[in-house]
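Have a look at the structure below before the remarks.
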Amino acid sequence: MSQNVILCHLLSNPQTEKKMSSFLGTYNISLDDKGRFNVPAKFRGTLEQSGPQLVVCAMEPFLVVFPYKEWAENEEKLSSLNAFAKEDRTRLREFYSRATECEMKSGKILLPLNLRDIAGLKKEAVLVGMSKTFEIWSPERWDKQGGE
């Protein structure tokens, strides 16, 4: 069996469908005046499995949404950096200073104004599934980098 056939079997196998919990696909969404958006149903299901606590981090020119478990795993990886080494400290500062804890409530996520400003978000946004996380792009920046 080729690797592609095995992958397709894995993805379409009813026994694995219930276990899959990843962010897949691209969705156009609207932000309300407060910066809230409705999480698409497929993303909501994944978030509900991992809990409502999230961390949103600005990665210019977009935002990344981490379920809390995924954030903790990334923090573990970052712990190998030396906070006393100037270059590592700069990387840590850039990462942590642009992150904030958020929560999904009633199927909505509120994005703080400072993060919306960094990502250039106004009334519309594009959610891009990245398996364990998802990105939030302004439509203009998404189109400019080649998104569809």
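I'd like to check something: does region 104-111 contain any residue that is of a type in the set (A, V, I, L, M), assigned to a loop (DSSP other than H, G, I, E, B) and more than 14 Å from Tyr27 (Cβ to Cβ)?
The answer is yes, given that some residue of region 104-111 is of a type in the set (A, V, I, L, M), assigned to a loop (DSSP other than H, G, I, E, B) and more than 14 Å from Tyr27 (Cβ to Cβ).
Scanning region 39-57 for residues that are touching a residue at least 12 places away in the same chain (Cβ under 8 Å) and aliphatic (A, V, I, L, M) gives Val39, Leu47, Leu54, Val55, Val56.
Among the residues of region 37-66, those that are within 15 Å of Ser106 (Cα to Cα) and among the charged types (D, E, K, R) comprise Lys42, Arg44, Glu48.
If I ask for residues that are of a type outside the set (Val, Ile, Thr), outside any helix (DSSP H, G or I) and surrounded by 14 or more Cβ atoms within 10 Å (Cβ to Cβ), which ones from region 54-78 would you list? Lay out the reasoning, then the answer.
Within region 54-78, the subset of a type outside the set (Val, Ile, Thr) is 54, 57-63, 66-78.
Within this subset, residues satisfying the condition of being outside any helix (DSSP H, G or I) are 54, 57-63, 66-67.
Correct list: Leu54, Cys57, Ala58, Met59, Pro61, Phe62, Leu63, Phe66, Pro67.
Which one of Gly45, Gly51 is over 30 Å from Gln145 (Cα atoms), of a type outside the set (D, E, K, R), surrounded by 11 or more Cβ atoms within 10 Å (Cβ to Cβ) and at pLDDT below 95? Exactly one residue qualifies, and that residue is Gly51.
When residues in region 82-92 are screened for being within 15 Å of Met59 (Cβ to Cβ) and hydrophobic (A, V, I, L, M, F, W, C), 1 of them pass.
Within 18 Å of Gly147 (Cβ to Cβ) and in contact with a strand residue (DSSP E or B) (Cβ under 9 Å, 6 or more places away or on another chain) - does that describe any residue in region 76-96? For region 76-96, residues within 18 Å of Gly147 (Cβ to Cβ) and in contact with a strand residue (DSSP E or B) (Cβ under 9 Å, 6 or more places away or on another chain): absent. Quick one: what pairs do we get from region 134-147, first residue without any contact (Cβ under 8 Å) to a residue 40 or more places away in the chain and closer than 14 Å to Val64 by Cα, second among the aliphatic types (A, V, I, L, M) and assigned to a loop (DSSP other than H, G, I, E, B), C-beta under 6 Å, 6+ apart or different chains? Sorted first by the residue in region 134-147, then by its partner, the list stays empty. Of everything listed in (1) at pLDDT 95 or above; (2) assigned to a helix (DSSP H, G or I); (3) not hydrophobic (A, V, I, L, M, F, W, C), the single unmet condition for Asn28 is (2).
Considered as a group, the residues in region 93-144 that are of a type in the set (Lys, Arg) and closer than 14 Å to Glu60 by Cα include one that is farthest from the chain's Cα centre (by Cα), and that residue is Lys144.
Say whether the condition of being touching a Cys at 6+ places or on another chain (Cβ under 9 Å) and without any contact (Cβ under 8 Å) to a residue 60 or more places away in the chain is met by at least one residue in region 104-117.
Our first condition is that a residue be touching a Cys at 6+ places or on another chain (Cβ under 9 Å); within region 104-117, this holds for 109-112, 115.
Applying the additional criterion that residues be without any contact (Cβ under 8 Å) to a residue 60 or more places away in the chain yields 115.
Yes, region 104-117 contains at least one residue that is touching a Cys at 6+ places or on another chain (Cβ under 9 Å) and without any contact (Cβ under 8 Å) to a residue 60 or more places away in the chain.
Whether any residue in region 54-72 is basic (Lys, Arg) and out of contact with any helix residue (DSSP H, G or I) (no Cβ under 7 Å at 6 or more places or on another chain) is what I want to check. No, region 54-72 contains no residue that is basic (Lys, Arg) and out of contact with any helix residue (DSSP H, G or I) (no Cβ under 7 Å at 6 or more places or on another chain).
The values are calculated or read from the model by the stated rules, or taken from the named source; none is laboratory data. Worth saying up front: this structure is predicted, and the values here are computed from it rather than measured. Neighbour counts run over all protein chains shown; Cβ positions are idealised from the backbone, glycine included.
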